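Below is one structure; the comments refer to it alone.
The values are calculated or read from the model by the stated rules, or taken from the named source; none is laboratory data. Remember, predicted model here, so these are calculated numbers, not experimental data. FYI the Cβ positions are ideal-geometry reconstructions off the backbone, even for glycines, and counts take in every protein chain you see. Heavy atoms of the whole protein, side chains included, go into the accessibility calculation; ligands, DNA and RNA do not. Shrake-Rupley method; radii C 1.70, N 1.55, O 1.52, S 1.80 Å.
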Amino acid sequence: QRSSSNISSVHNIILFEGVMIYLNEGIPHSLLELCSSVVLRAGVESNNSNNNNNTALASFSSSGQYLCFADRLENIPGGDEDAAIVEMEGTGWELLDWLPKPGLARHMGVAKLKE
């Protein structure tokens, strides 16, 4: 039986760079939703498994799940940070850092899974 002090946390980092620029309308928004729901579901399943099995090596916490991006996100005209916050929250993410720039991949930032 492992003690809980030996269990480490699982961290996931999802990276998008210049992918959403080429996707059809509606797909980028759906992809952000899909990523947050898959990571969240994996965490629930992992924690349920750990609760039923005393040999767990890692635990899941939503605070360790991140999205990093350098892309053009949907529903965000120009570099509007307020629109970025709404888009991220609407897809299951909390925007932590926002760095708009000129060019096709104009939206850069970091978000974490909403708790």
Could you sort ASP97, ASP82, ASP71 by accessible area so the largest value comes first, with the probe set to 1.4 Å?
ASP82, ASP97, ASP71
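Count the net charge of all other residues whose Cβ sits under 11 Å from the Cβ of LYS114, scoring Lys and Arg as +1 and Asp and Glu as -1.
Counting the neighbours of LYS114, the net charge comes to -2.
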